[in-house]
Amino acid sequence: MTVLLRRLRETDLDRVAALEARCHESPWTRGQFADSLAAGHLAWVLEDGRRLLGYLVAMVGVDEMHLLDITIDPARRGQGHARRLLTELADACRAARAPLLWLEVREGNAAARRLYEAWGFEPLGRRKGYYARADGGREDALVMRWVVRADEEAA
């Protein structure tokens, strides 16, 4: 089947929120995704036929973009889907003339950190207790930045 990338629509919110809840310790709510759509954030889904493979939400700022959420179905990880979403986001940064792309990642999320580091993101700081944990505790986030180059393809 062909993998299709398209804009997130309101009709996708239940599926996106369900995948989010399966994949994250402190998931976004359906309402947070709806708020992102209403705010005009970049929001895409990646699907294979009717199956949701993943999604991405990013916010455009002044001279920067902020990756808010990227998730791939665990059964479909390791197949290049996150890289495809990041490639699209890099192109969106270039189109918006946003030379910096920022994100936060759980300190303990080694797989995501490896992906971002391979992409060229650099850790620049830490947000103490940024993420809620299922056990009621908090986990630090690493703040990472990628410098978007107009003349260079992403990793």
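May I ask you to list pairs of residues, at least six apart or on different chains, whose Cβ atoms are under 6 Å apart, with the first in segment 96-117 being crowded, with 16+ Cβ neighbours inside 10 Å and the second being β-branched (Val, Ile, Thr) and modelled with pLDDT of 95 or more? That search, which allows pairs on different chains as well, returns Glu104/Val143; Ala112/Val105; Arg113/Val105.
Taking the listed residues Leu100, Leu89, the one that is within 12 Å of the chain's Cα centre (by Cα) and more than 29 Å from Gly136 (Cα to Cα) is Leu89, with no other qualifying.
Matching residues to (1) surrounded by 21 or more Cβ atoms within 10 Å (Cβ to Cβ); (2) within 24 Å of Ala141 (Cα to Cα):
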site: Ala43; (1), (2): yes, yes
site: Leu46; (1), (2): yes, no
site: Thr71; (1), (2): yes, yes
site: Pro74; (1), (2): no, yes
site: Arg77; (1), (2): no, yes
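I need the strands (runs of 3 or more DSSP E) fully contained in segment 1-112, keeping only those with at least 1 residues that are within 25 Å of Lys128 (Cα to Cα). Correct list: 51-61, 64-72, 100-106.
Pairs meeting the criteria (first residue in segment 126-155 and more than 10 Å from Glu107 (Cα to Cα), second residue modelled with pLDDT under 85, beta carbons under 9 Å, at least 6 apart or on different chains) are Trp146/Ala154; Val148/Ala154. For the condition under 18 Å from His81 (Cα atoms) and either assigned to a strand (DSSP E or B) or at pLDDT 95 or above (or both), Glu117 qualifies. If you go through segment 1-22 and keep only what is surrounded by fewer than 15 Cβ atoms within 10 Å (Cβ to Cβ) and either among the charged types (D, E, K, R) or in contact (Cβ under 8 Å) with a residue 12 or more places away in the chain (or both), you end up with Met1, Thr2, Leu4, Arg6, Arg7, Arg9, Glu10, Asp14, Arg22.
Criterion applied to Glu64, Glu107 was being of a type in the set (Asp, Glu) and farther than 19 Å from Trp28 by Cα, and the one residue passing it is Glu64.
Scanning segment 49-59 for residues being buried (at least 16 other Cβ atoms within 10 Å of the Cβ), more than 17 Å from Cys23 (Cβ to Cβ) and more than 9 Å from the chain's Cα centre (by Cα) gives a total of 1.
Criterion first (at pLDDT below 95 and among the β-branched types (Val, Ile, Thr)) does Val45 satisfy it? The answer is no for Val45.
The values are calculated or read from the model by the stated rules, or taken from the named source; none is laboratory data. Predicted model, so just to flag it, every value in this text is computed and none were measured. Don't worry about glycine lacking a Cβ; one is built from the backbone with ideal geometry, like all the others, and counts go over all protein chains shown.
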